[in-house]
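Accompanying notes for the structure given below.
The values are calculated or read from the model by the stated rules, or taken from the named source; none is laboratory data. Owing to the predicted nature of the structure, the values given are computational and were not obtained by experimental measurement. Cβ coordinates were reconstructed from backbone atoms using ideal geometry, including for glycine residues, and neighbour counts include every protein chain displayed.
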Amino acid sequence: MQFIKAWIPFNAWYKRECKLARLPVLTDANCIEHVCNTTNTYKTRIITLLGGEDRESENFRELITDLHHELQAHVIPKPESPLNFSTMIPGITSTNLVQKDFRAYHYKVERIPHGTNFQFDIRVEDKATHSPRYTKTLNRWNLNDIEADPNFLALQSEECKKKIIEFFKEVNPKKPLDIVLRPKTKADGTIVRPSHSIEIGNQVYFVDDKEKIAKVLIHLLYKLRCEIFHGSLDPTEANMGIYKNAYHIQYELVKELI
């Protein structure tokens, strides 16, 4: 498969880069994180092509648009865990604390480093009296641990339950980074571009943050590589469009590394 041929020089490059950076563990996953979180030739090339106005940049954005459409049309590897521009998890999310007032309650949900993992503290109190309505401490991020908690189930306010879940999701260390913005349609059928967006292709909009887009793209290409390398996805006719676009994107990027 052509995509694998385009991945091999990238693999050799990032292994060399990570050795020079003296990474203690040189797994592919660790190296991909290093590429995402440092300034380097590969990521800089993505950012340049995302914002460029020349034909090469336009072609690159067209390839990303086509890849986006292919991933929407052909869900891989399975419906419950699809790979696309809305489901990537490029590292630990930055939100450690959510502290908000809503109606009668004050909500505080905090993610605290605890050894090699995190502890999650949840506290809901009455704004007027400061008396606690719900408290919970968890040693892992798992929605089921809250939803099955008898004290949570005993809360009379469904609105309060929804807010606890909403704020708990915000401190999820592995929260997917959705960079796709959906356009709105006016009553007359006119498509309205979302605010704070970059138009990648015809009516395809990503967040106006090239650094985030680059990280998501790097992770997505890596995940597509893993599906092939680990034998969990056959290169069938249905998904060949995905890997055709992934190959051309990767080929454009590795040219800078050779």
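Checking the condition of a type in the set (Asp, Glu) and in contact (Cβ under 8 Å) with a residue 60 or more places away in the chain, which residue from Glu110, Glu125 passes?
Testing whether each residue is of a type in the set (Asp, Glu) and in contact (Cβ under 8 Å) with a residue 60 or more places away in the chain leaves just Glu110.
Please pick out the residue among Ile228, Ile164 that is crowded, with 17+ Cβ neighbours inside 10 Å, more than 21 Å from Leu83 (Cα to Cα) and aliphatic (A, V, I, L, M).
Ile164 is the lone residue from the list that is crowded, with 17+ Cβ neighbours inside 10 Å, more than 21 Å from Leu83 (Cα to Cα) and aliphatic (A, V, I, L, M).
What tally of residues in the range 185-200 results from selecting those that are surrounded by fewer than 10 Cβ atoms within 10 Å (Cβ to Cβ) and over 22 Å from the mean Cα position of the chain (by Cα)?
Of the residues in the range 185-200, 6 are surrounded by fewer than 10 Cβ atoms within 10 Å (Cβ to Cβ) and over 22 Å from the mean Cα position of the chain (by Cα).
Within the range 31-40, restricting attention to residues that are loosely packed, with under 15 Cβ neighbours inside 10 Å and among the β-branched types (Val, Ile, Thr), which residue is nearest to the chain's Cα centre (by Cα)?
Once the filter is applied, the top-ranked residue is Thr38.
Would you point out which residue out of His106, His69 is in a strand (DSSP E or B) and either under 30 Å from Thr137 (Cα atoms) or at pLDDT 95 or above (or both)?
None of the others qualify; the one that does is His106.
Under 9 Å between Cβ atoms, which residue pairs at least 6 apart in sequence (or on different chains) link something in the range 52-69 that is farther than 15 Å from Lys210 by Cα with a partner that is of a type in the set (Asp, Glu)?
Pairs that qualify, where the first residue is farther than 15 Å from Lys210 by Cα and the partner is of a type in the set (Asp, Glu), are Glu56/Glu252; Asn59/Glu252; Leu63/Glu252.
So, in the range 193-235, of the ones that are touching a Ser or Thr at 6+ places or on another chain (Cβ under 7 Å) and β-branched (Val, Ile, Thr), which residue ends up farthest from Ile32 (Cα to Cα)?
Val204
Give all pairs with beta carbons closer than 8 Å in which a residue from the range 76-88 that is over 27 Å from Ile198 (Cα atoms) meets a residue that is outside any loop (DSSP other than H, G, I, E, B); count only pairs at least 6 apart in sequence or on separate chains.
Cβ pairs passing all conditions: Pro77/Glu227.
Looking at Phe60, is it over 21 Å from Phe168 (Cβ atoms) and aromatic (Phe, Trp, Tyr)?
yes
A quick yes/no check of all residues on (1) modelled with pLDDT of 95 or more; (2) touching a helix residue (DSSP H, G or I) at 6+ places or on another chain (Cβ under 6 Å); (3) part of a strand (DSSP E or B); (4) of a type in the set (Phe, Trp, Tyr):
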| position | (1), (2), (3), (4) |
| --- | --- |
| Phe152 | yes, yes, no, yes |
| Leu155 | yes, yes, no, no |
| Lys161 | yes, no, no, no |
| Phe167 | yes, no, no, yes |
| Lys175 | no, no, no, no |
| Ala187 | no, no, no, no |
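Can you work out which of the residues in the range 7-30 that are among the charged types (D, E, K, R) and surrounded by 13 or more Cβ atoms within 10 Å (Cβ to Cβ) is farthest from Ile228 (Cα to Cα)?
Looking at residues that are among the charged types (D, E, K, R) and surrounded by 13 or more Cβ atoms within 10 Å (Cβ to Cβ), I get Glu17.
Residue check: is Ile4 β-branched (Val, Ile, Thr), in contact (Cβ under 8 Å) with a residue 24 or more places away in the chain, surrounded by 12 or more Cβ atoms within 10 Å (Cβ to Cβ) and farther than 20 Å from Pro90 by Cα?
Taking the combined requirement at face value, the residue satisfies it.
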